[in-house]
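Novice: Pasting a structure below so you can have a look.
The values are calculated or read from the model by the stated rules, or taken from the named source; none is laboratory data. Just so it is clear, the model here is predicted, and its values are computed rather than measured. Please note: Cβ atoms are built from the backbone with ideal geometry, for glycine as well, and neighbour counts cover all protein chains shown. When the accessible area is computed, the model is the full protein with side chains, heavy atoms only, and any ligands, DNA or RNA have been set aside. Shrake-Rupley method; radii C 1.70, N 1.55, O 1.52, S 1.80 Å.
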Amino acid sequence: MNIRLSKTKYLNGLQCKKLLWYIYNEPDAIPEPDATTQAIFDQGHLVGEYAKKLFPNGVEVDHSETFEAGLRQTRDLISKRVSIFEAALTYKRCYARADILEPVADDNWDLIEVKSSTDLKDVNYHDIGFQYYLYTGAGLKIDKCYLMCIDNSYVRKGDIEPCKLLKKIDVTDEIKTSYSTMVENNVAEMVKAINSKTFPQIDIGAHCNEPYDCPLIDKCWSFLPERNVFFLYRNNKLPMTLIQEGVFELDKIPEKYEISAKNQIQVDCEKTGKPYIDSQKIKEFLDTIQYPAYYMDFETFASAIPMFDNSSPYKQIPFQFSVHVVKEKGTKPEHFSFLADGTDDPRPEFMAKLKNVMGTKGSVIAFKASFEMYILNKCAEVLPEYQQWVDSIDERIIDLLQPFSDFAYYHPQQDGSCSLKKVLPALTGKSYDDMEIGDGGTASAEYCRVTFTEDNKDKKKVRKLLEEYCGLDTMGMVDIVEQLYSFK
Ligand code: SF4
């Protein structure tokens, strides 16, 4: 096979040679990127556009024609000593496009890799190391190597300022002394793996999600039984050991393995098929609830490029809340909700409307309440007139996650998770399964699509689905507490 290894495929090969084999030999087995992955790609593209603004005289190589035409144009621009975007070069079996090549003194070039992340990861070193190997092999003199990524301390004031949004990290030493020197051998091993008749025998492991979620997880992990040892709560190491020893099922873990008290509860529940209930702990939790009780849930979105003044990269912006108010224990809840509309910053209206419905006394109940308090405090930083009120909410807040993360209650159907999405169906039979919007990531993506893009013909329907989804979160919490009372 005539193999040309791009930097993306080189990184795929570093993650797993089995994945690389499939990419070349059975590409149809690789599923298309899902909406979340595609959204990450789109963010990366947008960040790249801002990076280019830092090089106003830069020229972008046109890759719309043939592969060779891109290479020719790159060589032409190199001879002209201009800043180049997407410069394409080949060397031996390798091919890459540099995000930015910047001409510097003595016929040298600086190599700049742009990422939408906020910090430097090992995979970035490998990425730049591959490019350094290739470009120097192709005859360029590279002086400095940089990762250009998002500075999450940036606070938007007016138009985006690319020089503040982006920061440059010098990785020259690591690249020259280490990461570029391993490329030749790595490429040789990858080519050998690609050319083998069958895929390399590689066990599943932590590498399946590191540095990226592998698109073949469903395929490679399909041998596991439905109820397997990866359900062990907050236990990353033992499942791999068990798999290597041929122990796959949660209820078949040999006693010689020491497991935590919570994991033991899981295993016991798995064997009996019945839930574990610590009535005393549940009572202690329920006794902290004071009525009227306000069940509260937020939906948020975040973007690499801050969309509003006084917001920062990847900082969560709340756009929706649902509140169910139970005036007295056992009475019918009253529902209040807010879903922002329009393209303005939703935070002022969100805070005003929320404050209106939250009353001044009684418990405020959220599931993983630290998130809701974080959002409120972040909003109060921008809208300080709310800080005192946020502090008062903090004094009233109760985390409904607590009895589940403490394993005061555990049901085998939770599958080792204490998330609301798992607890609610296990405890009440209500489920998110049939909902078109049934998780926070989809809610955020769909809200942004119909609010900030022109792909919004179904806006009315999406907003209705969002209302249903967020409403189920808080009504679900009401139902969970009702169930817990029955165990008291
Ligand atoms: S799922 Fe894991 S073992 Fe399978 S190809 Fe991906 S990284 Fe390799």
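Novice: Using mean Cβ contacts within 10 Å as the protection proxy, how do 60-66, 238-244, 449-455 order, highest first?
Specialist: Most protected by this proxy first, the peptides run 238-244, 449-455, 60-66.
Novice: Something else: With the radius of gyration and the Kirkwood radius both derived from the Cα set of the chain, what is their ratio Rg to Rh?
Specialist: Here the Rg-to-Rh quotient is 1.02.
Novice: Could you pull out every one of the aspartates and glutamates with an alpha carbon less than 19 Å from that of Lys274, ignoring same-chain neighbours closer than 8 positions?
Specialist: Glu226, Glu249, Asp251, Asp406, Asp415
Novice: Among the listed pairs Lys378/Lys461; Lys9/Lys167; Lys115/Lys368; Lys167/Lys315, which have their C-alpha atoms separated by more than 20 angstrom in this model?
Specialist: Long pairs (Cα-Cα over 20 Å): Lys378/Lys461; Lys9/Lys167; Lys115/Lys368.
Novice: Within the range 224-274, what whole-number % of the accessible surface is contributed by carbon and sulfur, with the 1.4 Å probe and all protein chains included in the calculation?
Specialist: 46
Novice: With an 8 Å cut-off on Cα pairs and a minimum separation of 6 or more residues, tell me the relative contact order of the range 210-355 in percent.
Specialist: It rounds to 14 percent for the range 210-355.
Novice: Could you tell me the center-to-center distance, by alpha carbons, between the range 92-120 and the range 302-348 in angstrom?
Specialist: Each part's Cα centre sits 40 Å from the other's.
Novice: For the chain, what is the accessible area per residue in Å², given a 1.4 Å probe and the full set of protein chains?
Specialist: I get 50 Å² per residue for the chain.
Novice: Among 352-365, 296-309, how do they line up from the highest to the lowest mean number of other beta-carbon atoms within 10 Å?
Specialist: 296-309, 352-365
Novice: Given just the C-alpha atoms of the range 282-485, how large is their convex hull per residue in cubic angstrom?
Specialist: So the per-residue hull volume is 122 Å³.
Novice: Which value, in debye to the nearest 20, gives the size of the charge dipole of the chain about its Cα centre, when Lys and Arg are +1 and Asp and Glu are -1 at the Cβ?
Specialist: 400
Novice: Separate question: Number of Lys pairs in the range 175-243 with C-alpha atoms less than 28 angstrom apart, excluding same-chain neighbours closer than eight positions?
Specialist: 4
Novice: What aspartates and glutamates could a cross-link reach from Lys168, if we take a straight Cα to Cα line under 17 Å and drop same-chain neighbours fewer than 8 places away?
Specialist: Glu49, Asp99, Glu102, Asp110, Glu113, Asp119, Asp122, Asp127, Asp143, Asp151
Novice: May I have the pair-distance distribution P(r) for the range 375-461, computed from all Cα-Cα distances with 10 Å bins from 0 and rounded to whole percent?
Specialist: Pair shares across the bins are 14, 25, 30, 28, 3.
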